[in-house]
Amino acid sequence: MIGLGYIGLPTAAVLASVGHDVIGVDVNPNVVQIVNRGEVHIVEPDLDGLVRGAVLSGRLRAVHAAEPADTFIIAVPTPFKNGHQPDLAYVEEAARTIAPHLKSGNLIILESTSPVGTTEKLAGWLAAVRPDLTFPTGPQSKPDINLAYCPERVLPGSIVSELVKNDRVLGGLTQRCAERARHLYESFVRGKCIETDARTAEMTKLTENAFRDVNIAFANELSLICDELDIDVWELIALANRHPRVQILNPGPGVGGHCIAVDPWFIVDSAPDVSRLIRTAREVNDSKPAWVIAKTVETADAARQLLGRDIVVACLGLAFKANIDDLRESPALEIVERLARQQTGNRLLVVEPYVDELPLALAAHAHLELVDLDVALSAADILVLLVDHVQFVSIDRGALKNKVVIDTRGAWR
Ligand code: SAJ
């Protein structure tokens, strides 16, 4: 397993738990040490026990450099570069890492979210450095090395159960490649394992996340419209969703995470002229944090005038969604950072039960304090709910009395 992150580590542990011998490779020496102690470096329900069991059984060990294997699974990040272009540098690096160890009969699986055509590119990169081996050149080829694209589709917060439960799409560069990938995944997946070609599998992954992004954008746009028309968007959505064929998602402070906020751009980048709706959805969701900031500043200014003193604003949550510790691409983080930068003269408190210290981007702001929830509830004039963590949703509503509340998640309705 190349990459022991949010996808690689749980997948490695699940593979080990069903009896495969798994070598986990990671560039980060800390991750290697932590995993070899049977511990985890990410917060994810049930992952700690799974990894502990896998390491104790001797079926999972972590290393810094790749070793020979029968199957190589690549689960490394694929972020975007300036201008929303896919950055495949980590996949290229993974190819360089495994190339010297390849032997005839090996299977290589790419799991990282990737633009259409990446698996073919991966075959090309490997072929260039291993001219002694044959790689798939078309659906009819019979290469020494098989390659398939098998996207992960697990939800952070439910990774361990969804890894086993969800259907999987196995996209081979040849039919044999897909078939071999299916056999491997069928050893631990209880959902259906469906074969297709690599390009369709790559596009399937992007489509799933673009679908969700477009639907969240619809909800976010409704929230702006309702604000102008003085309608409660949460009540509106609940009512509209009583129609048997309407299922509107939830508005929020924006869309975060390393998937939904990123992947649709891979489609736009590949087919810019015809991906109009997908691009607009991204723009709508990306513009929501600015709207929340403007609302907060406006509310704080009005409160300061009314009270005739500086006021205290508490932002609840930094993670990109509820009940996880992941701050990547988080709209909440962006909102707090920009509020801190604006230095409105108000005291700014942050509550995030899943982190012990402020992330680097926020630590530089002297007037920003990470505090416990009870401190924020007693000190704040304005509460901005950014993440619907269970700790926030379940607070006694009496604690909100005499506070101005900006509830971006509709959690306190
Ligand atoms: N969000 C809303 N309103 C909603 C739902 C989500 O504002 O109604 C926001 C969340 O707060 C968060 C962002 O969207 O900021 C994304 O959260 P999410 O729970 O929708 O998705 P992720 O990014 O945690 O995981 C997604 C999943 N994809 C789909 O549901 C189609 C997951 O299955 C994928 O495996 C994952 O992306 C991935 O790795 O690609």
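Just so you know, all these numbers are worked out from the coordinates, no wet-lab data involved. Computed from a predicted model, the values in this text were never measured in an experiment. As a convention, Cβ positions derive from the backbone with ideal geometry for all residues, glycine included, and neighbour counts pool all protein chains shown.
Observations, loosely collected:
- Rounded to the nearest Hz, the phi-derived 3J(HN,Hα) couplings of region 12-24 under the Karplus curve 6.51 cos²θ - 1.76 cosθ + 1.60 (θ = phi - 60°) are 4, 5, 5, 4, 5, 5, 9, x, 7, 8, 10, 10, x, where x marks glycine and proline.
- Dipole check for region 100-154: with +1 at the C-beta of Lys and Arg, -1 at the C-beta of Asp and Glu, and the Cα centre as origin, the magnitude is about 60 Debye.
- Sequentially through region 362-375, phi angles give Karplus couplings (6.51, -1.76, 1.60; θ = phi - 60°) of 9, 4, 6, 8, 4, 8, 9, 10, 8, 10, 6, 4, 5, 5 Hz, Gly and Pro residues having no value and appearing as x.
- Alpha-carbon gyration tensor eigenvalues x 5, square-rooted, for region 89-138, Å: 17, 12, 10
- Options 405, 336, 85, ranked by Cα towards positive dipole end of the chain, top entry (Cβ charges): 85
- Sparse-neighbour loop sites [trypsin sites (Lys or Arg not before Pro); region 174-205; at most 14 other C-beta within 10 Å; DSSP]: 190, 192
- Among the listed pairs 165/205; 103/142; 81/321, a Cα-Cα separation exceeding 20 Å is found for 81/321.
- For region 106-111, backbone phi angles converted through the Karplus equation (6.51, -1.76, 1.60; θ = phi - 60°) give residue-by-residue couplings of 5, 10, 10, 10, 9, 9 Hz, Gly and Pro being listed as x.
- Neighbour count of at most 15 Cβ within 10 Å plus DSSP loop: longest GluC sites (Glu not before Pro)-free window in the chain: 187-356
- If only the Cβ of Lys and Arg carry +1 and only the Cβ of Asp and Glu carry -1, the dipole of region 66-178 around its Cα centre is close to 200 debye.
- Dipole of region 142-231 [Lys/Arg +1, Asp/Glu -1 at C-beta], most positive-end residue of 216, 161, 196: 196
- Cα pair distances exceeding 41 angstrom across the chain, given as percent: 23 percent
- Region 294-413, relative contact order in percent, only Cα pairs under 8 angstrom and at least six apart counted: 29 percent
- Mean Cβ count within 10 Å, highest first, over the residues of peptides 54-67, 22-35: 22-35, 54-67
- Loop-located trypsin sites (Lys or Arg not before Pro) in region 308-357 (DSSP state other than H, G, I, E, B) with a sparse environment of at most 11 neighbouring Cβ atoms within 10 Å: 309.
- Compared with the dominant principal axis of the Cα atoms in the chain, helix 175-185 is inclined by about 60°.
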